[in-house]
Amino acid sequence: MQTLRGILNFSRTAELGSFAKAAKELGISPVAVSQNISRLEAALGVRLFARSTRALQLTPEGQAFLEQCRQPLAQLDAACKEVASDAKTASGKLRATVVSPVAYLYLIPLLPKFQQRYPGIRLELELSEDASPLIPKRFDVGIRIGALNDAAFVARPLGPLRLLICASPTYLESQEKPNSLDDLAKHRLLQLQITGKEQTTPFIVQTRVDGARNMQFIQLPGHFICNDFRGLAQACGDGLGIAQLPQPVALPMLKSGQLKVLLPDSVAENIQLFIHYPSRKQLPARVRAFVDFVVEHFAGHPDLTADISGFVA
């Protein structure tokens, strides 16, 4: 770092012709400029300037060194300007990870509108059911079920995300309808297993104990396992068994009669959908643009709060 400081001081002094002019541009004293250049000369083992009381001239070595420094310094300056521009304008690469049902149903159909509004943003989108940390995978923003335990990110709620226990009328015609959570063990269960995880995702339900609502995780063997909610929904609609599905995924099939809701009193009401982004004041414009766009078009979406009482088996 000291050498780089010396090179910058040397370059500006050589271009402007005096320590005083370079010092004024760099915001330091002429003495500091002279000392920084002297340290650089000592490190290089050559004299870069021939100094006198009246003149400051480059030595042959100094002239050759200046020519070699001009292009790298120009590239560094261009890089700084590009970063500053990206921070102020909605442009550049944006890496986002989105839970797949939200992406398929709501985000991807809006991408033409997003691209039209922000043509300078190059969006890289990963679809996943996982809730892994964002920083190790270098994501700028993520939409997840539940808040990440990561102080480096802000978790902004988009709305509730009910997880409904569903089955098709065809399945219920051949099986006795479960009347309690304990009855689920008697049925064919269709379960989500996130890629890379050893266990399937448990059913997340709500129970009441002495009037208080408690979250409960039910881990039972699955008769069909899939790593994607859309695959589970299709299998469930085709009568393969009982699945727990996010309400936005199940809602079209509930409206069409392909699915029915089971055990509605066990639906957990405190699960939220969040958008996560870095918790810093100088948020890049491209991240702010994406967050604002998602909140504008998706926060409080009616599908998240739609009444399901008419779809109960």
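Here are the numbers for the structure shown:
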| quantity | calculated |
| --- | --- |
| When residues of the stretch 184-206 are limited to those that are surrounded by fewer than 14 Cβ atoms within 10 Å (Cβ to Cβ) and more than 24 Å from the chain's Cα centre (by Cα), the one modelled with the lowest pLDDT | GLU198 |
| Options ALA20, ALA32, ALA50: the member that is in a strand (DSSP E or B) and either in the same structural domain as ARG70 (by TED's automatic domain parsing) or within 45 Å of the chain's Cα centre (by Cα) (or both) | ALA50 |
| Condition check for GLY231: outside any strand (DSSP E or B) and at pLDDT 90 or above | yes |
| In the stretch 144-183, residue surrounded by the most Cβ atoms within 10 Å (Cβ to Cβ) [restricted to those that are farther than 24 Å from MET253 by Cα and of a type outside the set (Gly, Ala, Ser)] | PHE153 |
| Hits in the stretch 271-305 - residues which are more than 18 Å from VAL102 (Cα to Cα) and polar (S, T, N, Q) | SER279, GLN282 |
| Subset of the stretch 242-277 (residues that are more than 29 Å from the chain's Cα centre (by Cα) and small (Gly, Ala, Ser)) | SER256, GLY257, SER266 |
| In the stretch 154-183, the residues that are closer than 21 Å to VAL294 by Cα and in contact with a helix residue (DSSP H, G or I) (Cβ under 8 Å, 6 or more places away or on another chain) | ARG156, LEU158, GLY159, PRO160, LEU161, ARG162 |
| Any hit, the stretch 272-279, residues being part of a loop (DSSP other than H, G, I, E, B) and at pLDDT below 90 | yes |
| Residue check for ARG117: surrounded by 15 or more Cβ atoms within 10 Å (Cβ to Cβ), modelled with pLDDT of 90 or more and of a type in the set (Lys, Arg) | no |
| Residue check, SER256 in the same structural domain as GLN206 (by TED's automatic domain parsing), surrounded by fewer than 19 Cβ atoms within 10 Å (Cβ to Cβ) and polar (S, T, N, Q) | yes |
| Single residue of LEU273, LEU263 found to be crowded, with 19+ Cβ neighbours inside 10 Å, at positive phi and touching a strand residue (DSSP E or B) at 6+ places or on another chain (Cβ under 9 Å) | LEU263 |
| Criterion (modelled with pLDDT of 85 or more, surrounded by fewer than 17 Cβ atoms within 10 Å (Cβ to Cβ), more than 43 Å from the chain's Cα centre (by Cα) and not assigned by TED's automatic domain parsing to the domain that holds ARG122) met by exactly one of GLY45, GLY62 | GLY45 |
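The values are calculated or read from the model by the stated rules, or taken from the named source; none is laboratory data. Source: prediction; values computed, not measured. When we count neighbours, we look across all protein chains shown, and the Cβ atoms used for this are built from the backbone with ideal geometry, even at glycine.
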